[in-house]
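Just below is one structure, and these are the notes that go with it.
The values are calculated or read from the model by the stated rules, or taken from the named source; none is laboratory data. Just so it is clear, the structure is predicted and the values come from calculations on it, not from any experiment. Note: ideal-geometry Cβ built from the backbone for every residue, glycine included; neighbour counts use all protein chains shown. When the accessible area is computed, the model is the full protein with side chains, heavy atoms only, and any ligands, DNA or RNA have been set aside. Shrake-Rupley method; radii C 1.70, N 1.55, O 1.52, S 1.80 Å.
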Amino acid sequence: LRLLATFDRRGLAFDLEGLPPAEVEAHLRPYGEAEREALFARLREPAATPTVVVDCTAAEAIADRYPEWLAAGVGIATANKRANARPLAFYRRLRQLARAQGAPYRFETTVGAAIPLLGPLQEIVLRGERVHSVQGVLSGSLSFLLERLHAGEAFSAALAEARRLGYTEPDPFEDLRAEDLARKLLVLARVAGFELENEALEVEPFCTPPPPQTEEAAFLAAEDRRWRAAIEAALAAGERYVMLAEVGAAGARVGLRRLPAQHPFAALPAGQNLVRIETELQRERPLWLGGPGAGPAITAAGVLGDVIAAASELRDRRYASRRFSVAA
């Protein structure tokens with residue numbers, strides 16, 4: 001593997017001989033749209049080296065490029081949920097292009113960070129086993145917030161800590177509005193065989209963002225009071241709040257639930273994800289998968305796993321193509 005190029009808001013670095021990963025920050029230089037487009041154009045060249053694009057953004061503009069990259073045989077390893085949470089036709093098109101062009105399209109970290117979740121779920125579906133329902137705590141950031149709230153911390157302090165640790169999206173209100181969680185459920189549901197459109201999801205936000213003219217301090221103070229009262233009432237009843245995502249024959253929903261404190265979903269440590277999968281063969285003993293669901297290091301580990309798998313797939317297909325051409 002060679003790192004040929006990298007870019008973010010700070011700059012772009014590009015070297016056909018390969019960039020030293022540990023020193024890549026020092027190679028970043030300011031760039032404009034023309035330089036970025038020139039880099040993208042190289043990916044479409046027929047004789048280009050087998051390439052994997054790694055997308056760790058949350059950008060719609062990068063997701064826009066997926067069809068052209070897959071059509072050119074370029075692999076994609078992504079933590080960006082935007083593409084797969086678009087209309088179902090767009091999701092189907094990406095999967096079809098990947099199959100037709102032999103281009104790896106891997107997105108394991110879009111749900112559950114480094115938890116091996118989507119891969120096993122796809123294998124269940126591919127063997128013809130029908131998935132009846134999926135339930136899960138899928139937001140590491142909201143799981144972290146709730147654990148802190150149940151421990152007596154103020155909402156404002158818990159949110160500040162989650163942002164500092166890198167658990168939230170760049171815009172934390174994407175988490176608080178449950179927008180990011182809704183995208184995760186949509187991706188998970190589609191992989192499980194539920195052909196849902198975004199409009200079919202019932203979404204209850206973790207909290208409602210303030211109107212534009214509201215001061216942030218006033219909003220946080222109000223949420224501190226609201227959550228303190230809600231948590232006290234739940235704990236007094238022997239229950240805890242859980243931000244649950246679920247899909248099944250009755251539909252798909254994201255929202256807060258109060259569950260008994262000893263329930264597996266309610267007893268999760270801070271930042272953990274847990275998913276329950278019920279299939280036609282696994283009904284009495286459903287499949288449970290869990291682990292850390294947020295944080296840069298955890299997500300990076302999952303992305304690297306996808307990069308290695310995608311690169312191996314490109315290598316094997318290139319070798320197979322040469323072998324079959326000789327045999328012919």
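Mind listing whichever residues of the stretch 8-22 are open to solvent by 100 Å² or more (accessible area, probe 1.4 Å) and within 27 Å of the chain's Cα centre (by Cα)? Explain how you work it out, then say what you get.
Pass one, the stretch 8-22, residues open to solvent by 100 Å² or more (accessible area, probe 1.4 Å): 9-10, 17, 22.
Selection gives R9, R10, A22.
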Which condition number does G75 fail, the rest of (1) without any contact (Cβ under 8 Å) to a residue 60 or more places away in the chain; (2) surrounded by 12 or more Cβ atoms within 10 Å (Cβ to Cβ) being met? (1)
Out of everything in the stretch 128-146 that is within 21 Å of the chain's Cα centre (by Cα) and of a type outside the set (A, V, I, L, M), what residue ends up being surrounded by the fewest Cβ atoms within 10 Å (Cβ to Cβ)? S133
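Which is at pLDDT below 95, surrounded by 11 or more Cβ atoms within 10 Å (Cβ to Cβ) and either in contact with a Lys or Arg (Cβ under 7 Å, 6 or more places away or on another chain) or of a type in the set (K, R) (or both), of A48, A5?
Values: A5 fails: either in contact with a Lys or Arg (Cβ under 7 Å, 6 or more places away or on another chain) or of a type in the set (K, R) (or both).
A48 is the lone residue from the list that is at pLDDT below 95, surrounded by 11 or more Cβ atoms within 10 Å (Cβ to Cβ) and either in contact with a Lys or Arg (Cβ under 7 Å, 6 or more places away or on another chain) or of a type in the set (K, R) (or both).
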Given the criteria touching a Leu at 6+ places or on another chain (Cβ under 9 Å) and surrounded by 15 or more Cβ atoms within 10 Å (Cβ to Cβ), does T57 qualify? no
Qualifying positions in the stretch 304-321 - β-branched (V, I, T) and open to solvent by less than 80 Å² (accessible area, probe 1.4 Å): V307
Name the pairs whose Cβ atoms lie under 8 Å apart, with the first residue in the stretch 101-124 and free of Cβ contacts under 8 Å to residues at least 12 places away in the same chain, the second in a helix (DSSP H, G or I), and 6 or more positions between them or separate chains? G119/E108
